Ligand code: NAD
Ligand code: TYD
């Protein structure tokens, strides 16, 4: 099988490409990434010299480039490429619409033109919006109600992808996953940000009360779920993917502080994120029943391994935090 994978130098894309090539020794991957602030070729170092992997530096909105890559008739396009951070979407919504929605459109158009046998759109539970503490978990039929420009741009892409299936018979599948953690995650998302801060004895900024709940899944489990959908999922279908581990942000912070032997006094409550969703929770019975996929990595052990990974990759962290991320961090937290 030949795959065209976009967003391959980011957190989940890089784990996916590396893991997929190791799992399937007769598969090859062309991977496309614009190398924005979040894309890092270091993340792909294990596969950069693999003859079954070819990296292309480019933009999913670049029609001639996308046309050229898709004209080579890959068996599947998997679209991970996105602007992925909610806080940035509050400051720069246009970028999110452009990459997440128009970028997905550009890929879908090429898939339609060249009759690509499969298109997997990687999406998020955030398209469903927010739950109260007592609401039932999201199912694939939950009404979309996104709260941020990030989740709205992803929801638009999901709807467009499904419309391509209904209108043109483009064999699209959509996966919606909960919050990922693990190696290679850019240290702006809560878990790597807090690990980095604790390594440097810096405060942990908690938005609002810290009672917001996220469902956590290890990135390796997410990658395996995508393979299950790729190999055995049905076209035109949406699959929820979750870790079955709901945690309040304060619990996550406490957990990190405990494992890293730091002081609880580093917790610092700051003003809340505008439009902050209270709770995400996933009903994954569809993927469990239909594709027999279940998450394997327990949050507690996955978190310990993730902390170890960041401790063993301080140069990776330093290279990032000395670069463009530095300005962003100062802007976000410097004046609070
Ligand atoms: P990330 O920000 O770490 O990586 C995104 C990658 O996309 C980067 O390498 C970046 O360079 C690339 N990119 C951005 N714009 C591009 C463009 N126009 N053309 C080509 N490449 C471009 O994000 P991530 O956390 O790895 O997320 C990957 C996908 O998974 C996204 O679609 C995201 O919505 C989805 N998702 C993420 C999570 C999560 O917890 N991180 C959960 C569910 C779904
Ligand atoms: P984040 O990692 O940005 O993921 P998402 O917004 O996509 O769920 O945030 C996870 C949760 O952590 C969310 O409720 C916001 C909160 N949060 C903080 O309290 N402090 C922070 O510095 C960050 C980045 C997030």
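Where a number appears in this text, it was derived from the coordinates with a stated rule and is not lab data. This structure is a prediction, so every number in the text was calculated from the model and none was measured. For neighbour counting, all protein chains shown are included, and Cβ atoms are generated from backbone atoms with ideal geometry for every residue, glycine included.
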Note: residue 22 to residue 260 extended length (0.36 nm per residue) minus current alpha-carbon separation gives 82.6 nm
In whole percent, what relative contact order does the stretch 1-138 give with Cα contacts below 8 Å and a gap of six or more residues? 25
Pairing the Cα long axis of helix 324-333 with the longest principal axis of the chain, what angle in degrees results, from 0 to 90 and rounded to the nearest 10? 50
Please compute the alpha carbon radius of gyration of the stretch 94-214, then divide it by the globular-protein estimate 2.2 N^0.38 Å. Two decimals is fine. 1.27
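Please grab the % of Cα pairs in the stretch 101-164 that end up more than 20 Å from each other.
Every Cα pair in the stretch 101-164 considered, those over 20 Å come to 34 percent.
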Scaled by the rule-of-thumb 2.2 N^0.38 Å, the alpha carbon Rg for the stretch 1-76 gives a ratio of 1.02
Rounded FRET efficiency, nearest 0.05, which uses the C-beta distance separating residue 211 from residue 235 and R0 of 30 Å: 0.15
Quick one: angle between helix 299-312 and the longest Cα principal axis of the chain, in degrees between 0 and 90, rounded to 10, please. 90
Taking 0.36 nm per residue of separation between residue 251 and residue 92 and subtracting their Cα-Cα distance, the length gained on full extension comes to 54.3 nm
Taking every Cα atom in the stretch 151-238, find the radius of gyration and the maximum pairwise distance Dmax, and write them in Å. 17.3, 54
Overall Cα dimensions of the stretch 172-318, principal axis frame, Å, largest first: 49, 34, 22
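Counting alpha carbon pairs within less than 8 Å and at least 6 residues apart, what relative contact order, in whole percent, applies to the chain? Present the calculation step by step, with values, prior to reporting the outcome.
Values: 644 pairs, mean separation 57.0, N = 336.
Result for the chain is 17 percent.
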Among 143, 106, 36, which one shows the biggest mean-square fluctuation in a GNM of the chain, springs joining Cα atoms closer than 10 Å? 143
Could you calculate the contour length gain from residue 42 to residue 102, that is, 0.36 nm times the residue separation minus the distance between their Cα atoms, to one decimal place in nm? 18.9 nm
Have a look at the DSSP beta bridges in the chain and tell me what percent are antiparallel, nearest 5. 10
Name the residue, out of 40, 73, 25, whose mean-square fluctuation peaks in a Gaussian network model built on the chain with Cα pairs under 10 Å. 25
So what is the orientation-averaged projected area of the stretch 139-189, using the convex hull of its C-alpha atoms, in nm²? 5.0
Any idea what log10 I(q)/I(0) is at q = 0.13, 0.14, 0.15 Å⁻¹ for the stretch 1-155, Debye with uniform C-alpha scatterers and no solvent? -0.62, -0.71, -0.81
For the chain, set up a Gaussian network in which alpha carbons nearer than 10 Å are linked by springs, and say which option among 91, 158, 67 fluctuates the most. 91
Using only alpha carbon positions, build the gyration tensor of the chain, then give the equivalent ellipsoid semi-axes as the square roots of 5 times its eigenvalues, largest first, whole angstrom. 31, 22, 19
Please determine, in degrees from 0 to 90 and to the nearest 10, the orientation of helix 249-259 with respect to the longest principal axis defined by the Cα atoms of the chain, where the helix direction is its Cα long axis. 70
Residues in the stretch 24-58, backbone N under 12 Å from the label point at residue 319 (7 Å along the Cα-to-beta-carbon vector): list them, ranges by number please. 39-46
7 Å from Cα along Cα→Cβ at both residue 308 and residue 50: what's the point-to-point distance in nm? 2.2
Remind me, relative contact order of the stretch 1-51 in percent, using alpha carbon pairs under 8 angstrom and six or more residues apart? 46
Rank the residues 238, 304, 217 as a footprinting-exposure proxy: fewest other Cβ atoms within 10 Å of their Cβ go first. 304, 238, 217
Between the stretch 199-238 and the stretch 8-40, the Cα center-to-center distance that results, in Å: 17
